[in-house]
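A quick write-up on the structure given underneath.
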Amino acid sequence: MSTAQVPDILSPEFAENPYPAYRAMRESAPLFWHEATQSWIVSRYTDVERVFKDKKTQFTTDNYDWQLEPVHGKTILQLSGREHAVRRALVAPAFRGSDLQEKFLPVIESNSRALIDTFRANGSADIVHDYATRFPVNVIADMLGLDKADHARFHGWYTAVIAFLGNLAGDQEVAAAGERTRVEFAEYMIPIIQARRENLGEDLLSTLCAAEVDGVRMSDDDIKAFCSLLLAAGGETTDKAIASIFANLLVNPEQLAAVREDRSLIPRAFAETLRYTPPVHMIMRQAAVDVEVTGGTIPAGATVTCLIGAANRDEDRYKDPDRFDLFRTDLTSTTAFSAAADHLAFALGRHFCVGALLAKAEVEIGVNQLLDAMPDVRLADGFDPAEEGVFTRGPQSLPVVFTPTRG
């Protein structure tokens, strides 16, 4: 097994452009040991899919005990079996069906419009700074019934959490900042949760306080951990997804024109963005037993790093995988936001992303409203979008120009 020609995932070369490295891994090192992260790395679609779908409980989420718990407290992602099923049943209804349609679509629409109103008359904007980094956090704050005036604190917290999760090199300052966030967020949230229990409203936090399945209710700490996870997972990933869908369309003007003319193509463009430039590039699991995968055996107890960014560009799974093509026939947009997805950006199986439909709603509404406000949107002169990040990845800036409009 040759890893000599594969750039290290912690190298600057990899951070600048991981896709050639992903190809080299798939071809020559589909399984290898990575000393710095103390994990086995898998990169082929079939292997990553198998780890996520895992029907034989060969893989667990025990890795989250050290990866997530220091910043969030104990989360639903660490649970398994009946305990996981009950907790998921408590939180899932808010993210699908009538709750999403009736309660939260208006919240998404109004938050998107409010942000667009700040720049629609300017003729220029930065999609990342003026919109994408703010929109999902504002939506989550509204859904939970939190004060949006605290936006800067929420953004600071989730940025510190994501930095902690992506701290593959073990930087002590990043680790300390992440753990500090857990304390600060608890001090902020626990009194709000306790007050909300006494005075329930229509918001998601009230729903979580009142929810009961089989006689089980969520504790204050359970709810705090879920809110922390929601802010980080729902903020960072949707932020990156919106920036990436626009970057992909702006550098493919014929596909942007197609989406502008036919808005029903937005889910296809989003699905292809999730495949081509997923917001999360790697997710870890832990092997419960020795498991055979392509290239060898992962030993029991070992951490496995699943490279979503590599698997989603596997030439054995997708035709011409390094090309953004919302019209591709080997990706199913109708199932792209369910556990039956044929891309891996939301994971799969029992830990499939509970917020996938919320993300879909935010992206569809956001892209629609942005295109309405900026019908002739184009990249600012001389700007070439570049992704940044290793654990999560997306454009750090996306300056655009357009003819000013009035709301």
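The values are calculated or read from the model by the stated rules, or taken from the named source; none is laboratory data. None of these values were measured; they are calculated from a predicted model. Note: areas computed on protein heavy atoms with side chains; ligands, DNA, RNA excluded. Shrake-Rupley method; radii C 1.70, N 1.55, O 1.52, S 1.80 Å.
Put simply, the amide H of Glu388, placed in the peptide plane, has neighbours under 5 Å in Gly394, Gln396, leaving out anything fewer than 5 places away on its chain.
In the complete set of protein chains, residue-level accessible area for Ile283 is approximately 30 Å², probe 1.4 angstrom. Accessible area per residue was computed with a 1.4 Å probe on protein heavy atoms; Asp214 scores about 110 Å².
Computed on protein heavy atoms with a 1.4 Å probe, the accessible areas place Val367, Val390, Val289 in the order Val289, Val390, Val367, largest first. Here the relative contact order of the chain, from alpha carbon pairs under 8 Å that lie six or more residues apart, stands at 26 percent.
How would Cys306, Cys353 rank on accessible area, largest to smallest, probe 1.4 Å?
Numbers: Cys306 0, Cys353 50 Å².
Descending accessible area places them as Cys353, Cys306.
Each Cα pair under 8 Å and six or more residues apart adds its separation to the average, and for the range 269-407 the resulting relative contact order is 23 percent. Note on Leu249: accessible area is roughly 0 Å² with a 1.4 Å probe, heavy atoms of protein only. In terms of its C-alpha gyration tensor, the chain comes out oblate, because a/c is 1.5 or above while a/b does not outweigh b/c.
With springs connecting C-alpha atoms under 10 Å apart, model the chain as a Gaussian network and identify which of Arg275, Arg260, Arg393 has the largest mean-square fluctuation. In this elastic network of the chain, the residue with the biggest mean-square fluctuation among Arg275, Arg260, Arg393 is Arg260.
Computed 3J(HN,Hα) for the range 133-150, one whole-Hz value per residue from the Karplus formula 6.51 cos²θ - 1.76 cosθ + 1.60 where θ = phi - 60°, is 6, 9, 4, x, 5, 4, 4, 5, 4, 5, 4, 7, x, 9, 7, 5, 5, 8, glycine and proline marked x.
Shape class of the range 185-308 from the Cα gyration tensor (axes a ≥ b ≥ c, square roots of the eigenvalues): oblate, since a/c reaches 1.5 or more and a/b does not exceed b/c.
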